[in-house]
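Participant: Here's a structure for you.
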Amino acid sequence: MTQPRRILITSALPYINGVKHLGNLAGSMLPGDVYARVMRLKGHDVTYICATDEHGTPAELAAQAQGIPVQAYCDAQYEIQRTAGEGFNLSFDWFGRSSRPANHALTQHFAQALEKRGLIEARISKQVYSVDDGRFLPDRYVEGTCPTCGFEKARGDQCDNCGRLLDPVDLINPYSAVSGSRNIEIRDTEHLYLLQAQMQDEIRAWVNRKGENWPQLAVSIANKWLDEGLIARSITRDLSWGVKVTAADGAPRPGFEDKVFYVWFDAPIGYISATQEWAEANGKDWKALWHTDKGADQTEYVQFMGKDNVAFHTVSFPVTLLGSGEPWKTVDKLKAFNWVTWYGGKFSTSNKRGVFMDQALDLLPSDYWRWYLIANAPEGSDAAFTWEGFQSAVNSDLANVLGNFVNRITRYCAAKFDGKVPDAGEPGEAEAWMANELATRLKTLDEHYEAMEFRKAAAETRAIWAAGNEYLTKAEPWVKYKSDVDGAAVGVRAGINLAAIFAIIAQPILPDAAKKVLDALGIPEGNRRWPDWKDTSLLDAIPRGAPIVPPDVLFQKIEDTQVAEWTERFGGGKA
């Protein structure tokens, strides 16, 4: 086995605006979970961190629409997201919140450190102010007529009709998207700006060095931003909900009493503050994961995210960490995903478009969804979700290939060998073939997971299951039993051991089904570690004579009537 490594894993923080859809799950939290599970099974020291991202205008407006305080809204939303994550068996070591005191203190610390190094300065800018709402409006909450094409519902950041990027002050007849009020003024407001351009060369060198371990998608997005040239970015907003802007002595910064830090400045810092919370709750040392002078230089840091978050993680957050001048750990491996699409369009939280995590769990257990989303991970390009594709993957891969194998071999063992692993017989050509398949394919599977190629890993997992079915066809224990009981015993013994191997390698993606199989086979917890492809005893690892119990049917096939019902309820269907 490989030498144990210390691995820190983070998934991009889900925003607090409701239950996440399956596209969010597939592009960040689920692959992070699968990777964390694999690395734990291989004996590595893994810490998997995530948190809810709770600041910004959408949270304020959602709370306002419900007539409740923002804190109460976020409290409720945190519980909703935490429950959904648990429902999908996401194995976070800690699921924190960016609104907690630890993140406030650390965000203020970084701002002070950056300002001391000359990377933050105050500037006056012009911004849209809604007199009736009594607030400055962020770009997307200002609407009006596009000055280019005349579209009457252009947003302050972009016109959806002609695609032109806009500034709210350019809109004709602007109005508040919050209240509809046209009582709009353009006012001066002071904000803090992060002078990213000063870090351009250092960030470029960092991306060139670290990007060797990133997929091309992440590298290309980072280089696009760098090629366009980094600019000073406002890191404060005229809002009441968020991390307060403080002076060096901790008191409110004069002139910034009604401002908070921009959500995209404080949210990535939440990885660190959530790790601090985990360490405090579990008697651990968080600095060994985050301070390179305290051992973090020996930590492997892996991030998972959708492509829309890449720029913030490859440019903005590194500017914060490196710009502070302090010994902070930066990402080593960054895995970025494209979109999971919904019948030619995007999944959308705001538009309630697609299937959401809680809805999915009402339809089928989490393993069904986990398998489909990993087997169709949007790595090389966007991946389309369809009900027909989901049905095919479940019925073919899970019910037919894995479920049928486990059901056949365990029930036959129970019926013909008293539910005990057979002892008699010597392995032959079929077993030699299967042993070679395992040695080759388990090595390939291991390589795919190390490379974080999840789609390939799922395909190789299925190929190993399929090889087991082919082995049973070659071994024919049910045929041999009529004239050669010892020969049949060999096939059943190998088959039971294969069922255990199949469940062990399924654990990262199918934790519930894998546990059912391993429990039924009586495999102790300590023997559920990742298999060593060099091990020549895999087909005879379970003690001979050990009792086994056939598990219940692992996966029910999805019927056409179910697909029709879900299509009617959620939309989709054949084009």
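Participant: For every helix of n ≥ 4 consecutive DSSP H residues, a contribution of -39,500 (n - 2.57) applies; sum these over the chain, divide by its total residues, and give [θ] at 222 nm rounded to the nearest 500 deg cm²/dmol. Spell out each step's value before the answer.
Facilitator: Working: 20 runs with 237 residues, N = 575.
Mean residue ellipticity at 222 nm (helix-derived): -12500 deg cm²/dmol.
Participant: Once phi is turned into θ = phi - 60°, what whole-Hz ³J(HN,Hα) does the Karplus curve with 6.51, -1.76 and 1.60 give for every residue of the stretch 130-140, x standing for Gly and Pro?
Facilitator: My calculation for the stretch 130-140 gives 9, 5, 5, 7, x, 7, 6, 10, x, 3, 6 Hz in order.
Participant: What does the extension gain come out to for A281 and Q3, with contour length at 0.36 nm per residue minus their alpha carbon separation?
Facilitator: Extending this stretch completely gives an extra 97.3 nm.
Participant: Something else now. Sort 453-464, 438-449, 275-286 by the packing proxy (mean of other Cβ within 10 Å over each peptide's residues), most packed first. Before the final figure, lay out each step's value.
Facilitator: On the way: 453-464: 21.0, 438-449: 18.2, 275-286: 16.2.
So the peptides 453-464, 438-449, 275-286, ranked by packing, come out 453-464, 438-449, 275-286.
Participant: Just how far, in whole angstrom, is the stretch 398-426 from the stretch 488-539 if you go by their alpha carbon centroids?
Facilitator: A separation of 12 Å, based on Cα centres.
Participant: Under a point-charge model restricted to the Cβ atoms of Lys and Arg (+1) and Asp and Glu (-1), what is the dipole moment magnitude of the chain relative to its Cα centre, in debye to the nearest 20? Show your work: numbers first, answer last.
Facilitator: Values: 62 positive and 75 negative charges, 79 e Å.
Approximately 380 debye in magnitude.
Participant: Residues of the stretch 364-386 with the amide nitrogen closer than 16 Å to a label point 7 Å from the Cα of T567, along Cα-to-Cβ, please.
Facilitator: Counting only backbone N, you get 385-386.
Participant: What relative contact order, as a whole-number percentage, does the chain give when Cα pairs under 8 Å and 6 or more residues apart are counted?
Facilitator: Numbers: 1012 pairs, mean separation 91.8, N = 575.
Here the relative contact order equals 16 percent.
Participant: Let me ask something additional. Take the Cα of T292, step 7 Å along the line toward its Cβ, and report every residue of the stretch 3-30 whose backbone nitrogen sits under 17 Å from that point.
Facilitator: Within reach of a label on T292: 8.
Participant: Okay, moving on. Would you mind classifying the stretch 85-161 by shape? Square roots of the alpha carbon gyration tensor eigenvalues, ordered a ≥ b ≥ c; an a/c under 1.5 is rounded, otherwise it is prolate if a/b is larger than b/c and oblate if not.
Facilitator: Details: a/c = 2.63, a/b = 1.40, b/c = 1.88.
It comes out oblate by the Cα gyration axes.
Participant: Can you pull out the trypsin sites (Lys or Arg not before Pro) in the stretch 531-575 that DSSP calls coil and that have at most 10 other Cβ atoms within 10 Å?
Facilitator: On the way: sites: K534, R544, K557, R569, K574; in loops: K534, R544, K557, K574.
Answer by residue number: K534, K574.
Participant: Using the Kirkwood radius built from alpha carbon pairs, what does the Stokes-Einstein equation give as D for the stretch 396-538 at 10 °C and 1.306 mPa s, in µm² per second? Don't skip to the answer; put the middle values down first.
Facilitator: On the way: Rh = 15.3 Å.
After rounding, the answer is 104 µm²/s.
Participant: For a quick protection proxy, order the peptides 468-481, 36-49 by their average other-Cβ count within 10 Å, most packed first.
Facilitator: Working: 468-481: 17.8, 36-49: 20.9.
My ranking of the peptides, most packed first, is 36-49, 468-481.
Participant: Show me the helices of the chain, taken as full DSSP H stretches, that run 30 Å or more along their long axis by Cα and average 0.0 or above in Kyte-Doolittle hydropathy. Display every interim value, and only then the final one.
Facilitator: On the way: long enough: 429-450 (32 Å, -0.87); 454-475 (31 Å, -0.35); 485-506 (31 Å, 1.69).
Helices meeting the criterion: 485-506.
Participant: On to the next question. Given (1) 92, 56, 41; (2) 63, 62, 46; (3) 110, 57, 40 as candidate values of Cα extents along the principal axes in Å, which corresponds to the one derived from the coordinates?
Facilitator: (1)
Participant: Separation between the D332 and A65 pseudo-spin-labels, each 7 Å from Cα along Cα→Cβ, expressed in nm?
Facilitator: Placing both labels 7 Å beyond Cα along the Cβ direction yields 4.3 nm.
Participant: Shape call for the stretch 62-122 from the C-alpha gyration tensor, a ≥ b ≥ c root eigenvalues: rounded (a/c under 1.5), prolate (a/b greater than b/c) or oblate?
Facilitator: Numbers: a/c = 3.69, a/b = 1.61, b/c = 2.29.
Judged from the Cα gyration tensor, the stretch 62-122 comes out oblate (a/c at least 1.5, b/c at or above a/b).
Participant: Using a cut-off of 11 Å between beta-carbons, work out the net charge of the residues near E453 (Lys and Arg +1, Asp and Glu -1, E453 not included). Show your work: numbers first, answer last.
Facilitator: Working: positive: K335, R455, K456; negative: E379, E447, E450, E460.
Residues close to E453 contribute a combined charge of -1.
Participant: I want to check the label-to-label distance for R187 and V169. Put each point 7 Å from Cα in the C-beta direction and report it in nm to one decimal.
Facilitator: That separation, rounded to one decimal, is 1.5 nm.
Participant: Could you list, by residue number, the cysteines of the chain that have no other cysteine's beta carbon within less than 4.7 Å of their beta carbon?
Facilitator: C50, C74, C413
Bear in mind that the values in this text are calculations on the coordinates, not laboratory data. Worth saying up front: this structure is predicted, and the values here are computed from it rather than measured. Cβ: placed from backbone, ideal geometry, glycine included. Neighbour counts: every protein chain shown.
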